[in-house]
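Here the structure is laid out as structure tokens; the discussion comes afterwards.
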Amino acid sequence: MGCIYGLVALGFVLIYKATELVNFAQGDLLMLGAFVCYMSVAWWGLPYWAGFLIAVVAIAAFGALLDALVLRRVIGQPQFAVVMLTIGLGAMFRTFASVTWGSEIYTLPTPFGGVWTVGGVTLSHQYLSIVAGTLILCGGLYAFFNHTRIGIAMQATSQNQLAAYYMGIPVKLIFSLVWAISAGVAAAAGILLAPVTLIDINMGLAVALKAFAAAVLGGFGSIPGAVIGGIVIGLIELYAGATLPEGFKDTAPYIVLLLMLIVRPQGLFGTLARKKV
Amino acid sequence: MAEPILKVSNIETYYGPIMAIRGVSFDVPKSSIVTILGANGAGKTTVLKTVSGVMDPQKGNVVFEGREIQRQDPDKVMRLGISHVPEGREVFPFLSVRENLAMGAYTRRDPDGVAQDLEAVFGYFPVLKERADQRAGSLSGGEQQMLAISRALMARPKVMLLDEPSLGLSPKLVRDIFEIVVRINRERGVTILLVEQNANMALQTADYGYVLEVGRIVMADTCQRLLEKEDIKEFYLGIKEQGARGKRRWKKRKTWR
Ligand SMILES: Nc1ncnc2c1ncn2[C@@H]1O[C@H](COP(=O)(O)OP(=O)(O)OP(=O)(O)O)[C@@H](O)[C@H]1O
Ligand SMILES: [Mg+2]
């Protein structure tokens with residue numbers, strides 16, 4: 001669970017860092033990803049991996065389109081207007097999903113049915129697939145951001161947009177790419193999550209809220225912070241569920257977040273460093 | 001004389017309803033150094049931003065190599081060969097010095113040329129080579145200025161726009177940086193449009209100078225002659241001798257116009 005929060009939180013942070021928008025439709029992109037994958041596998045009879053790929057690519061393209069057609073126009077509007085817009089978009093996606101796929105609950109067939117037993121501990125392949133998927137995605141993104149020209153240009157753009165323009169970096173294209181990446185990551189998270197929570201139109205809501213908490217916990221704006229924040233939230237949830245009375249499972253992460261914000265408002269990995277003049 | 005490489009005619013630029021530039025015209029001949037002097041708020045930065053396309057003029061035009069470039073996106077203008085070194089350096093604080101320089105060459109597709117220019121830049125500013133893997137945000141102000149100039153140079157520009165490179169630097173460092181600017185101009189043939197408050201330094205460096213006051217050009221002459229003018233001595237050079245640095249605000253008693 002923690003890994004999923006981490007992945008979705010990563011999507012939040014990517015978009016926020018680059019464009020200073022908070023995309024509250026992140027959870028619904030996750031839901032769309034799961035549905036597209038389900039549709040490919042269950043309706044069209046494609047193999048799981050093909051469905052995975054189609055869903056990630058389709059949602060990534062959708063994210064880029066969303067930026068180009070909708071969000072680019074609201075840059076510079078007050079924050080709350082943009083926040084409302086993304087919340088509204090999320091609601092639209094859910095309506096769209098319920099019209100297209102219905103409001104039943106679906107099960108995504110996966111190749112991860114088995115279990116491994118290592119030293120008396122049983123690990124289901126399903127959970128392992130989530131962990132492995134997270135590791136691969138994070139590793140891939142890390143390499144992309146640090147070792148490719150366009151990845152470094154993305155970092156540059158998020159650090160100083162005006163200077164990026166001066167360098168001839170196509171800032172608008174970069175924004176669309178950031179949206180594509182974060183939508184694609186959300187879709188991947190949705191597909192990995194699907195076997196655990198099953199697919200329905202509201203599957204993204206609770207996840208997105210906790211992922212948002214994870215992003216804040218990690219210090220909004222820090223990518224490793226987002227992933228670690230996600231894992232921490234997931235662990236808290238797990239222990240609270242196992243040791244505390246009924247009901248604490250869902251509130252414990254927020255209690256921790258609250259404490260955290262009081263003690264260390266910048267988050268685990270947040271920096272208060274400012275640019276030198 | 002041949003057609004200037006950059007010709008600005010009658011531009012008017014607004015911040016919302018505020019008219020910051022009120023019909024400014026000037027020429028920048030190829031391979032020269034031209035300076036625009038002016039006090040705080042005179043509109044120097046706005047002029048440069050209008051040239052590089054960050055701001056759009058309501059009237060007038062900017063002609064670069066015979067082509068009108070006003071109202072184009074800054075990345076397009078930059079690709080044509082105009083690099084802007086912004087006021088306050090604006091380096092990418094969390095990228096290394098080397099990565100900052102690589103971003104300067106973002107639009108280029110000739111790795112060999114880029115590698116050559118990187119060596120050239122390290123030749124001008126050896127301290128950047130020592131700090132190549134350090135985060136740009138951890139450099140001193142002077143080093144950041146060197147980085148900003150170098151980063152612009154990495155695009156192999158035809159024209160470089162320099163916005164107050166002396167800002168917040170010690171007199172010694174200012175001299176060093178201006179010396180390099182002259183070398184860049186002479187050795188690489190880069191045309192330079194320099195905006196400054198440090199009139200003394202700028203007039204000694206540049207060939208031709210304009211004086212900007214509240215959005216208008218009030219004087220234009222060769223730097224040699226400008227250095228002799230009483231008004232310039234009094235209002236722009238006098239202040240230098242008092243050693244005021246940083247906040248350079250003084251009462252303007254205009255004797256010209
Ligand atoms: N973002 C802005 N919004 C509104 N007015 C602005 C803005 N930026 C600058 N101005 C106004 O435009 C005028 C010119 O500003 P500009 O920054 O070009 O001056 P400058 O000559 O570069 O000054 P400095 O030496 O302080 O850098 C000033 O009167 C300033 O108040
Ligand atoms: Mg200025």
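A few notes on this one:
- Around A:I105: net Lys/Arg minus Asp/Glu count, Cβ-Cβ under 15 Å: -1
- Hydrodynamic radius (Kirkwood) for the stretch A:20-62, which is based on Cα pairs only, to one decimal in Å: 10.7 Å
- Per residue, the convex hull volume that the Cα atoms of chain A enclose (Å³): 155 Å³
- Expressed per residue, the C-alpha convex hull volume of the stretch B:17-112 stands at 150 Å³.
- Within a Gaussian network of chain A (alpha carbon springs, distance under 10 Å), most fluctuating of A:A164, A:A61, A:A81: A:A81
- A:W116 accessible area, assembled protein chains, probe 1.4 Å, Å²: 150 Å²
- The stretch A:1-64 and the stretch A:161-218 have Cα centres separated by 7 Å.
- Chain B pair-distance distribution - Cα-Cα, 5 Å bins, rounded %: 1, 6, 14, 18, 19, 17, 13, 8, 3, 1, 0
- Summing charges over neighbours of A:V216, with a neighbour being any other residue whose Cβ is under 15 Å away from its Cβ, gives +3 when K and R count +1 and D and E count -1.
- Helices assigned as whole DSSP H runs in chain A whose Cα atoms extend at least 20 Å along their own long axis and whose mean Kyte-Doolittle hydropathy is -1.0 or higher are found at A:2-19, A:48-66, A:79-101, A:125-147, A:171-197, A:203-217, A:223-243, A:248-263.
- Legend: residue pairs B:K44/B:K172; B:K76/B:K229; B:K59/B:K158, Cα-Cα distance threshold 28 Å; pairs beyond threshold, B:K76/B:K229.
The values are calculated or read from the model by the stated rules, or taken from the named source; none is laboratory data. Predicted model only: the values in this text are computed from it and were never measured. So basically every Cβ, Gly included, is an ideal-geometry build from the backbone, and we count neighbours across all protein chains shown. Side chains included, ligands, DNA and RNA excluded: accessible areas come from the protein's heavy atoms. Shrake-Rupley method; radii C 1.70, N 1.55, O 1.52, S 1.80 Å.
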